[in-house]
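The values are calculated or read from the model by the stated rules, or taken from the named source; none is laboratory data. These numbers come from a predicted model, not from an experiment. Don't worry about glycine lacking a Cβ; one is built from the backbone with ideal geometry, like all the others, and counts go over all protein chains shown. Side chains are part of the model used for accessible areas, which takes the heavy atoms of the whole protein and leaves out ligands, DNA and RNA. Shrake-Rupley method; radii C 1.70, N 1.55, O 1.52, S 1.80 Å.
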Amino acid sequence: MTEIREPSAAPATPFVSPDPSRSSALPATPVVDGHGLRLRVWDPESAADVDAWLRGLTDPEFLRWNTPLRKVSDAATARESLESKTADAAAGRAMTFCVTDAADGTILGQVGVSAIERVPSHAGVGYWVLPEARGRHVATRSLLLAARWAFAEIGLHRLELGHALGHDASCRIAERGGFRYEGTLRGAMWEAGRTDAFRDVHAHGRLATDPEPESP
C-alpha cells in the first residue's frame, strides 16, 4: 500500500464572534481537499451518488446504530433524500459532503455538518463509511476536514457529535478527531429500528479554539 504523507497539523482556527446580520447561505458547491480525501457535494442526478447513498443508509451496521428520520429503501427515496440535503444546504441549515478518494474519486462515505445555528455559533456533525472503505480511518480523516471547513468557512465556535452508547468505534473516531467526551445523555437517541424507544448517547464536543489533531 502506498503511504500518503500528510501535512503537519494546522493551527487552531481563531473564533470570530458571529454577525447575526450575516447571510445564512453556505459556500456554494464547496470542495474540501486533504488527508488523501476530497469532500464534495452529493449530486441527486448522479446514479453513482444515489446508489452510494442508498447503500450507506441501508447498511446493516449503519442501521444497528442509527434510525433515520426518513426511511430510505430504494433509488427513488434515496434521490429524494439527497434532494432534501441540497435544499438544506441552500437554506444554510446543513452541509452534507460526499467523501471520496482524492486519487480516483471513489465514493467512500458521508460526513455532514447539520443543525447549523449562526448566532449561538454551533452545529452537529455525523458520518458513515461504506463497508468496503472501512478500516482505513476514512471517518476520522473526513471528520477532521469537515470540522476545519465548519470553523474556517462558516466561522462556527462549537461542533457537537453524539453516538449511541456502546458504539465504541465511533467513540474512538470522535476522540481521534479532537472531539472530547463530555458526558452521557439519557434517552437522547432512538433505539435501532424504533421510534418508540430510546437509548443513551455519548456526547462529544470540539471548539474552534481547540488544537487540530494530526491525521491518522
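Figures for the structure shown
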| quantity | calculated |
| --- | --- |
| Residue in region 187-216 that is farthest from residue 167 (Cα to Cα), counting only those that are among the charged types (D, E, K, R) and part of a strand (DSSP E or B) | 206 |
| Exclusive hit being without any contact (Cβ under 8 Å) to a residue 60 or more places away in the chain, out of contact with any Asp or Glu (no Cβ under 9 Å at 6 or more places or on another chain) and either of a type outside the set (Lys, Arg) or over 22 Å from residue 57 (Cα atoms) (or both), set 92, 109 | 109 |
| Pairs, first at positive phi and open to solvent by less than 40 Å² (accessible area, probe 1.4 Å) in region 175-201, second modelled with pLDDT of 95 or more and of a type in the set (Phe, Trp, Tyr), C-beta under 9 Å, six or more apart | 187/198 |
| Number of positions in region 42-51 that are surrounded by fewer than 19 Cβ atoms within 10 Å (Cβ to Cβ) and either in a loop (DSSP other than H, G, I, E, B) or in contact (Cβ under 8 Å) with a residue 60 or more places away in the chain (or both) | 4 |
| Answer residue from region 134-153, given it is free of Cβ contacts under 8 Å to residues at least 60 places away in the same chain and in contact with a Phe, Trp or Tyr (Cβ under 7 Å, 6 or more places away or on another chain) and is surrounded by the most Cβ atoms within 10 Å (Cβ to Cβ) among those | 143 |
| Elements of type helices (runs of 4 or more DSSP H) contained in region 57-163, each with 1 or more residues being closer than 20 Å to residue 176 by Cα | 60-65, 138-149 |
| Qualifying residue in region 163-173 (condition: touching a Phe, Trp or Tyr at 6+ places or on another chain (Cβ under 6 Å) and closer than 21 Å to residue 122 by Cα) | yes |
| Selection status of residue 160, open to solvent by 70 Å² or more (accessible area, probe 1.4 Å) and in contact with a Ser or Thr (Cβ under 8 Å, 6 or more places away or on another chain) | no |
| Answer from 82, 54, 39 - the residue that is of a type in the set (A, V, I, L, M), in contact with a Cys (Cβ under 8 Å, 6 or more places away or on another chain), at pLDDT 95 or above and crowded, with 19+ Cβ neighbours inside 10 Å | 39 |
| Selection within region 170-216 - at pLDDT 95 or above, more than 16 Å from the chain's Cα centre (by Cα) and β-branched (Val, Ile, Thr) | 184, 201, 209 |
